[in-house]
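One structure is given here, and the rest of the page talks about it.
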Amino acid sequence: MICLILLLGQAYIKATAAAPKIGGEYTEALVGSPRLINPILAQTNDVDLDLSQLVFSGLLKYDKERRLVPDLAENYEISQDHLVYTFVLRKNIKWHDGSDFKADDVVFTVASIQDPEFNSPLSRSFRGVIAEKVDDNTVKFTLKETFAPFLGLLTFGILPEHLWYNVPPANADSTELNKKPVGTGPWKFSSLKKNYNGIIRSYSLVSNPDYYGP
């Protein structure tokens with residue numbers, strides 16, 4: 001009888017699986033303070049980089065098995081000579097402020113990375129790369145020479161052109177958009193708290209109800 005109970009118990013455990021519930025709150029302590037929640041400026045600060053990866057999305061991303069998979073991109077093609085990469089973007093994606101995500105945002109972000117006044121740590125990786133808009137949902141990258149790891153570079157978050165267009169590149173690191181960012185990622189900015197020195201001590205995000213992924 002005991003054996004039967006044990007067998008039934010094991011069968012029940014195997015047949016049922018715990019599933020996460022939607023909602024709740026998660027708190028994480030980080031070393032340092034948020035300063036530039038901006039995917040093309042945040043590469044040298046772990047706190048900024050962690051937050052940027054939650055707020056912003058890239059053309060590609062790494063899955064749990066560390067494989068490159070489409071993110072903002074729906075699919076892509078590589079030319080036979082491996083010099084032209086064409087990306088078809090997902091449709092009906094919204095920025096956190098409700099504006100439409102378009103190919104212009106991708107081209108603008110790459111141009112900002114390449115602008116010396118923006119001083120992006122990613123600039124060296126995109127020297128000689130030409131980013132062009134084919135239509136509202138298609139972007140083409142042209143390389144001067146083949147570069148096998150190029151796809152791995154395209155995980156950086158995309159900036160919203162309609163908000164960043166009027167920000168002078170030389171002042172990019174001082175705009176309030178770095179503290180209260182607008183992205184397309186699964187989490188969006190909610191609030192922040194500063195201490196008497198003006199340093200951010202807590203930073204809150206809420207889930208993005210319009211997110212295109214799970």
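The values are calculated or read from the model by the stated rules, or taken from the named source; none is laboratory data. For clarity, every value in this text was computed on a predicted model and none was experimentally measured. No Cβ is skipped: glycine too gets one built from the backbone with ideal geometry, and neighbour counts run over all protein chains shown. Keep in mind that these areas ignore ligands, DNA and RNA; they rest on the heavy atoms of the full protein, side chains included. Shrake-Rupley method; radii C 1.70, N 1.55, O 1.52, S 1.80 Å.
What is the one condition in (1) over 19 Å from Asp48 (Cβ atoms); (2) touching a Lys or Arg at 6+ places or on another chain (Cβ under 8 Å) that Thr155 does not satisfy?
Every condition holds for Thr155 apart from (1).
So which residues in the stretch 153-168 are touching a helix residue (DSSP H, G or I) at 6+ places or on another chain (Cβ under 7 Å), part of a helix (DSSP H, G or I) and either farther than 16 Å from Gln114 by Cβ or modelled with pLDDT under 90 (or both)?
Correct list: Leu163 only.
Give the residue, chosen from His96, His82, that is assigned to a loop (DSSP other than H, G, I, E, B) and surrounded by 16 or more Cβ atoms within 10 Å (Cβ to Cβ).
None of the other options fit; the residue is His96.
What tally of residues in the stretch 45-73 results from selecting those that are outside any helix (DSSP H, G or I), open to solvent by less than 40 Å² (accessible area, probe 1.4 Å) and in contact (Cβ under 8 Å) with a residue 12 or more places away in the chain?
8
Determine, yes or no, whether Tyr76 is open to solvent by less than 50 Å² (accessible area, probe 1.4 Å), part of a strand (DSSP E or B), at pLDDT 95 or above and hydroxyl-bearing (Ser, Thr, Tyr).
In short, no.
Take the conditions β-branched (Val, Ile, Thr) and more than 25 Å from Asn208 (Cα to Cα) and apply them to Thr138. Does it pass?
The answer is no for Thr138.
Report, by residue number, each residue of the stretch 170-179 that is open to solvent by 40 Å² or more (accessible area, probe 1.4 Å) and not aliphatic (A, V, I, L, M).
Listed by number, the residues that qualify are Asn171, Asp173, Ser174, Glu176, Lys179.
Considering only residues that are open to solvent by less than 30 Å² (accessible area, probe 1.4 Å) and in contact with a Leu (Cβ under 8 Å, 6 or more places away or on another chain), which ones fall in the stretch 129-140?
Matches in the stretch 129-140: Val129, Thr138, Val139.
When only residues in the stretch 180-214 that are of a type in the set (Ser, Thr, Tyr) and assigned to a loop (DSSP other than H, G, I, E, B) count, which is least open to solvent (accessible area, probe 1.4 Å)?
Thr184
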